[in-house]
Amino acid sequence: MVSATPLRQGWRVLLLAALVGAPWLEAGDGMFSSVMFRLRGPRRPPPELVILDVDQDSVALADRLTPEEIAASPLWRRMGPWPWPRQLQADLAAAVLDQGARQVVFTLLYPHPSHFGAADDRAFLQRLTPWRDRVVLVAGYGAETDPATGVDLVRLRRPVYSLGGLGHDALLEGATGAIEALPGRRWQRQALAEFPPPHPPALAFAAAARQPPLSPLGLDFIGPAGSVAVVPAWQVQQQPPGFWRDRIVLLGRTPSRLSDRRPSPYGPLSSVELQAAALATVLQDRGFRSLPGLATVVVLLGWGGLGLALLGRPALAAGTATTAVLLAVAALAAAALAWLAGWWLPVSALVAAPLLGGGGRALGQWRLENRERTYLHQVLACRVSPALLADILREPGPLGTQLGGSRARCAVLFTDLVDFTPLSAQLEPAELFALLNRYFETIASAVIAENGLLDKFIGDALMAEFGVPRSRGDAEEARAAVRAALAMQASLARLNADLAAQGLPSLHQGIGIHLGEVIAGNLGSSQRLEYTVIGASVNLASRLEGLTRQFPQFPVLISGAVLAALPGQLDVEPLGEHRLKGWPEPVAVYGLRGMR
């Protein structure tokens with residue numbers, strides 16, 4: 001057995017490293033979430049939600065309407081290039097509130113007094129004061145370049161007005177840079193700690209009058225741009241009666257440049273559309289939550305234990321790789337179900353762990369199997385024909401690595417040199433080895449030529465099988481054994497002619513062939529295996545070879561089973577029934593003359 005190598009054992013480290021590295025794999029979690037959004041598709045937004053958009057048409061109204069049409073509307077007369085007077089913006093909000101809107105949520109920032117003057121600021125406040133409890137203003141949070149020093153500083157830019165609710169516009173980015181979540185109370189305590197209280201919650205929570213959760217709340221995006229109803233600012237008074245009743249209106253401005261928008265699973269969205277998605281998430285209680293820290297640790301440890309247990313079982317690289325893929329698919333399925341239920345799982349770590357661990361173990365197993373296959377090729381190349389070797393290597397099964405055997409039918413051939421012991425006493429050891437090698441070369445090639453298996457060399461004897469580890473059927477295997485025996489006889493005749501020319505004594509062999517059932521498989525120990533066959537049929541073939549001493553005129557003896565497998569194809573001489581040692585009944589024996 002090959003000892004364990006660091007690579008074969010290091011897969012456990014790879015598996016656990018992927019789980020420990022979960023925080024560094026969050027980019028993959030973000031991509032998984034984006035894919036899930038696209039697979040699910042857009043969802044229906046809250047019917048009360050609408051965006052009042054200061055769009056490009058509203059700031060370039062002269063390009064759309066005639067001067068006479070513009071003059072007919074007090075609002076249109078004041079619309080022009082951005083920025084607009086804040087009184088006009090307040091008039092837009094008052095117009096929808098006056099028609100029954102439940103709430104107006106400003107996404108436009110007012111951190112400084114109006115550059116149209118103090119009168120514009122007073123007009124803004126005066127216009128919205130009657131609806132102050134139904135107005136929510138926004139505070140800007142983010143990096144801002146200090147004009148004096150040129151240094152980027154994080155600021156909380158509160159509005160200069162005090163009306164109803166107040167929320168900040170910060171939305172949290174994921175590892176991919178896309179907006180992903182609403183900040184919770186923990187973020188609020190940490191990020192706003194340096195600013196004087198009170199600390200406003202995120203705008204969506206302020207608008208919905210909801211307490212933020214402790215941890216971030218993932219946005220459940222509605223869909224692409226335009227999923228929420230949008231009314232251009234210049235058409236605020238052109239809506240049908242009752243349109244604005246009980247509406248929650250987000251007043252904002254869509255940037256004209258696509259580069260000013262932020263990525264989302266459904267494509268780029270403007271800041272007001274992102275705030276609309278956040279508000280829809282809160283209003284419909286559909287946000288995504290991460291598992292608590294302890295629960296995440298339990299999930300990762302449990303998954304790691306399961307992966308170690310299951311990936312350590314398969315004996316072959318293909319089995320380990322299949323198990324790893326199945327575990328990864330199971331992790332994806334579990335993460336998808338959790339996502340549909342509103343929970344984020346560390347899916348990248350859960351998927352990467354079995355793939356890395358299983359891949360590492362499969363690689364180690366593949367290297368071991370490749371070494372075993374190479375060794376098997378080297379061993380079998382000297383024992384079987386190239387065609388049979390190619391067949392075995394395509395589907396080796398337990399041939400090279402597993403102890404044990406299985407029942408099979410084959411033709412067993414034994415051959416031994418007759419009266420070789422006296423001859424060996426006359427030769428020097430070097431001469432004896434050289435002679436045996438020449439002899440075995442001639443008879444072994446006959447076995448290989450017939451797709452047989454050279455089982456073993458025993459002194460001056462040879463044992464071969466036809467039909468293991470792959471069988472072509474009794475008739476074909478019996479025919480191959482007979483042809484091999486006749487080829488051995490012909491090769492021995494040529495060898496004897498060479499020996500006579502060198503003044504060396506001739507060699508005589510006996511061959512016995514029987515067709516029957518054997519047990520074929522690996523015999524030995526886990527450190528040293530030998531593929532062979534055992535059983536009564538093997539003993540019978542050996543006894544037939546020994547019986548050739550009684551019939552020197554027939555050096556090849558076959559059993560009745562071989563003759564029955566090849567009816568009418570052999571030229572034989574019946575030699576009667578003989579009781580052979582180890583066989584319960586007399587055996588019909590035939591001397592082989594040749595093939596018809």
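Condition first: of a type in the set (A, V, I, L, M, F, W, C), closer than 25 Å to V96 by Cα and in contact with an Asp or Glu (Cβ under 9 Å, 6 or more places away or on another chain). Can you find one or more residues in the range 181-204 that meet it? Spell out how you get there, then give the answer.
Applying the first criterion (of a type in the set (A, V, I, L, M, F, W, C)) to the range 181-204 yields 181-182, 187, 191-193, 195, 202-204.
Now restrict to residues that are closer than 25 Å to V96 by Cα: 202-204.
Add one more test, that the residue is in contact with an Asp or Glu (Cβ under 9 Å, 6 or more places away or on another chain), and what stays is 202-203.
Taking every residue of the range 181-204 in turn, at least one turns out to be of a type in the set (A, V, I, L, M, F, W, C), closer than 25 Å to V96 by Cα and in contact with an Asp or Glu (Cβ under 9 Å, 6 or more places away or on another chain).
Kindly check whether there is at least one residue in the range 251-271 that is open to solvent by less than 10 Å² (accessible area, probe 1.4 Å), assigned to a helix (DSSP H, G or I) and of a type in the set (S, T, Y). No; the residues of the range 251-271 include none that is open to solvent by less than 10 Å² (accessible area, probe 1.4 Å), assigned to a helix (DSSP H, G or I) and of a type in the set (S, T, Y). As a summary of the residue check, F195 satisfies the conditions (1) open to solvent by less than 60 Å² (accessible area, probe 1.4 Å); (2) in contact with a Gly (Cβ under 8 Å, 6 or more places away or on another chain) except for the one numbered (2).
One residue alone among R157, R189, R210 is surrounded by fewer than 17 Cβ atoms within 10 Å (Cβ to Cβ) and either within 22 Å of L340 (Cβ to Cβ) or in contact (Cβ under 8 Å) with a residue 24 or more places away in the chain (or both), and that residue is R210. When the range 242-299 is filtered for residues that are over 24 Å from M31 (Cα atoms) and basic (K, R), the ones remaining, listed by number, are R245, R247, R253, R257. With respect to the stated conditions, A341 fails to be open to solvent by 20 Å² or more (accessible area, probe 1.4 Å), in contact with a Gly (Cβ under 9 Å, 6 or more places away or on another chain) and among the small types (G, A, S). Looking for something in contact with a Leu (Cβ under 9 Å, 6 or more places away or on another chain) and without any contact (Cβ under 8 Å) to a residue 12 or more places away in the chain - is there at least one such residue anywhere in the range 505-522? Taking every residue of the range 505-522 in turn, at least one turns out to be in contact with a Leu (Cβ under 9 Å, 6 or more places away or on another chain) and without any contact (Cβ under 8 Å) to a residue 12 or more places away in the chain. Among residues of the range 425-443 that are over 23 Å from G512 (Cβ atoms), those with a Cβ under 7 angstrom from a residue that is of a type outside the set (A, V, I, L, M) and assigned to a helix (DSSP H, G or I), sequence gap 6+ or separate chain, pair up as L432/S424. Entry remark, the range 55-94: residues being modelled with pLDDT under 95 and among the aliphatic types (A, V, I, L, M) number 10 in total. The set of residues from the range 218-238 being open to solvent by 30 Å² or more (accessible area, probe 1.4 Å) and either within 30 Å of L345 (Cα to Cα) or without any contact (Cβ under 8 Å) to a residue 12 or more places away in the chain (or both) comprises P224, A225, G226, S227, Q235, Q238. A single member of L306, L300 is within 26 Å of R361 (Cα to Cα) and in contact (Cβ under 8 Å) with a residue 60 or more places away in the chain, and it is L300.
The values are calculated or read from the model by the stated rules, or taken from the named source; none is laboratory data. Everything numeric in this text was worked out from a predicted model, so none of it was measured. Using ideal geometry, Cβ is built from the backbone for each residue, glycine included, and neighbour counts are taken over all protein chains shown. Surface accessibility is based on the protein's heavy atoms, side chains included, excluding ligands, DNA and RNA. Shrake-Rupley method; radii C 1.70, N 1.55, O 1.52, S 1.80 Å.
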